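Here's the structure, in structure tokens; my notes come after.
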Amino acid sequence: DQQVKQNSPSLSVQEGRISILNCDYTNSMFDYFLWYKKYPAEGPTFLISISSIKDKNEDGRFTVFLNKSAKHLSLHIVPSQPGDSAVYFCAAPALFGANNLFFGTGTRLTVIP
Amino acid sequence: DAGVIQSPRHEVTEMGQEVTLRCKPISGHNSLFWYRQTMMRGLELLIYFNNNVPIDDSGMPEDRFSAKMPNASFSTLKIQPSEPRDSAVYFCASSLINTIYFGEGSWLTVV
């Protein structure tokens, strides 16, 4: 069972517009979430994170929003640029001292020039 | 700083052959992970080590897969015998605390 779910496998957005990538999780005890970005033929790279004590974390064009009651987080990219075209994974650390991450299946973002 | 280093980057092998993937984690990181990426399941954790000790191998598909970490700077993932359904990208990753850093992946094709 996927504990972290990304229900949209792909998203296309015009350059300059907002990209919104969504992620849902099932375990209310998750207390930290991460977004990773992956270009073709490369490994995923860390993009931005948020702790469950916050509902928003912003880093430049990237903002992550967390809605704990809905068990939902989203990544907003404003303005979107062609270089943002990649696969985005959301992730949450496993609980009870484990160090691994549970990943969603990813959303492929295409930013159209 | 050197990141996670994986080899080989690409491997094409015939069904039934043994495949060994290698990984050098980031120096100082105490956790090492092997992930597999497929279209259907995204990034799935195969196994992870903490301080060189296997902690969770429940993601290893079957007995054909094995992983070792003989020391803090080296790990292997072995598939013997390999099958076409093993074709995927295999990522090694390491971490110290929450954030995991990935290597560039080993692209395996079994024909």
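Points to keep in mind about this one:
- Footprinting exposure proxy ranking of A:Tyr39, A:Tyr32, B:Tyr48, fewest other C-beta atoms within 10 angstrom first, gives A:Tyr39, A:Tyr32, B:Tyr48.
- Residue order, fewest to most surrounding Cβ atoms within 10 angstrom, among A:Phe89, A:Phe102, B:Phe74: B:Phe74, A:Phe102, A:Phe89
- ³J(HN,Hα) computed for each position of region A:63-70 - Karplus, 6.51 cos²θ - 1.76 cosθ + 1.60, integer Hz, glycine/proline x: 9, 10, 10, 10, 10, 5, 5, 8
- Given charges at Cβ of Lys, Arg, Asp, Glu: chain A dipole, positive-most of A:Asn22, A:Thr45, A:Gly104: A:Asn22
- In a reduced charge model with +1 at each Lys and Arg Cβ and -1 at each Asp and Glu Cβ, the protein assembly as shown shows a dipole moment near 340 debye about its Cα centre.
- Total lysine pairs whose alpha carbons fall under 21 Å of each other in chain A (8 or more apart, or interchain): 11
- Remark: chain B carries a charge dipole of roughly 180 debye about the Cα centre, counting +1 on each Lys and Arg Cβ and -1 on each Asp and Glu Cβ.
- Net charge of neighbours whose Cβ lies under 14 Å from the Cβ of A:Leu34, counting Lys and Arg as +1 and Asp and Glu as -1: +1
- Considering only A:Pro93, A:Ala70, A:Leu34, the residue lying farthest towards the positive end of the dipole of region A:5-96 is A:Ala70, judged by Cα position with unit charges set on Cβ.
Only the coordinates and a few stated rules stand behind these numbers; no lab work does. Since the model is a prediction, treat every value here as computed from it, not as a measurement. With ideal geometry, Cβ positions are generated from the backbone for all residues, glycine too; neighbour counts draw on all protein chains shown.
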